[in-house]
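Heads up: the structure comes next, in structure tokens.
Each value in this text was obtained by applying a stated rule to the coordinates, not by laboratory testing. Predicted model, so just to flag it, every value in this text is computed and none were measured.
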Ligand SMILES: C[S@@+](CC[C@H](N)C(=O)[O-])C[C@H]1O[C@@H](n2cnc3c(N)ncnc32)[C@H](O)[C@@H]1O
């Protein structure tokens with residue numbers, strides 16, 4: 001297929017990738033707390049917890065939450081763009097004895113990654129909000145194509161105000177508009193000093 005990206009869009013993608021690679025090259029990136037967020041724990045272990053099934057983690061970093069999901073009975077595939085992150089995630093999952101498939105690839109190009117699904121749960125902790133806008137439709141389409149009936153997406157994202165650049169950040173309105181065939185079921189503000197949100201989206205039942 002012909003590549004229709006503009007020079008500006010290509011620059012944005014390259015700049016984002018460079019920045020991410022620098023974070024992992026320089027050691028442990030600032031977001032890598034090693035702690036599974038309570039919002040994911042609630043979904044997996046809380047009242048009305050999901051039945052374990054197939055999960056796809058988007059932008060898994062060093063794999064903390066992929067290990068958590070696997071330990072709770074999920075069959076997990078985890079994807080990250082940066083090979084250093086993927087290497088660390090593979091080490092972490094192996095050390096934990098967790099059966100996780102960790103793949104290096106772009107969450108906006110899932111057809112190239114080899115993750116057929118279908119998935120019952122998608123988990124994104126701060127990946128989508130850093131994806132350049134021109135790649136976000138492809139991200140949404142990739143998840144929609146791989147969603148099992150009743151699938152859920154739990155996403156944490158920073159609001160646009162949290163960034164110095166004009167392209168990063170995510171809002172509820174954007175997700176509602178972009179994720180056709182999904183219902184934005186919940187938006188809960190995060191506890192960070194800058195605007196952050198936990199979004200829960202449900203794949204709309206085809207019959208509904
Ligand atoms: C802010 S970090 C969060 C990492 C991890 N979820 C955590 O909380 O520790 C965002 C992650 O998404 C990855 N990422 C960003 N854009 C991506 C893309 N298009 N495809 C795959 N991974 C991506 C980055 O490499 C990085 O590991």
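A few comments on the model shown:
- GNM result for the chain, Cα springs below 10 Å: residue of 185, 98, 89 fluctuating most strongly: 185
- Computed over the chain, the P(r) curve from all C-alpha pair distances, binned at 5 Å from the origin, holds 1, 7, 15, 20, 22, 19, 11, 4, 1, 0 percent per bin.
- Stokes-Einstein diffusion for the range 86-208 at 20 °C, viscosity 1.002 mPa s, with a Kirkwood radius from C-alpha pairs, works out to 138 µm²/s.
- Distance from the C-alpha centroid of the range 98-125 to that of the range 1-48: 13 Å, rounded to the whole angstrom.
- For the range 97-140: rounded, prolate or oblate by the Cα gyration tensor [a/c cutoff 1.5]: prolate
- By DSSP, the beta bridges lying fully in the range 7-203 are antiparallel in about 40 percent of cases.
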